[in-house]
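The values are calculated or read from the model by the stated rules, or taken from the named source; none is laboratory data. Small disclaimer: the values here were computed from a predicted structure and weren't measured. A quick note on method: Cβ atoms are made from the backbone with ideal geometry, for glycine too, and the neighbour counts reach across all protein chains shown.
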Amino acid sequence: MTRKSIRTSVTLPERSYAEIQALAEANDVSTAWVIRQAVLQYLSDGSGQRELPLVVRRGGR
């Protein structure tokens with residue numbers, strides 16, 4: 001079965017983008033790959049919140 005991908009865009013704070021870019025460069029991947037992996041991990045994590053507004057969780061669980 002072929003998985004369909006949808007292109008989207010997001011606006012990030014400059015500092016967040018810089019951190020993502022540095023992480024991508026350090027691991028020889030694209031910024032899109034880093035963002036995609038972060039979203040997929042968030043969605044697969046059982047503790048991910050499914051309703052809005054999202055509560056920002058900092059540090060450990």
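Overview of values
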{"quantity": "Some residue of the range 38-52 being at pLDDT 95 or above and aromatic (F, W, Y)", "calculated": "no"}
{"quantity": "Residues being surrounded by 13 or more Cβ atoms within 10 Å (Cβ to Cβ) and either in a helix (DSSP H, G or I) or touching a residue at least 12 places away in the same chain (Cβ under 8 Å) (or both) - total across the range 22-32", "calculated": "3"}
{"quantity": "Within the range 1-21, considering residues that are closer than 16 Å to W33 by Cα and not in a loop (DSSP other than H, G, I, E, B), the one nearest to the chain's Cα centre (by Cα)", "calculated": "I20"}
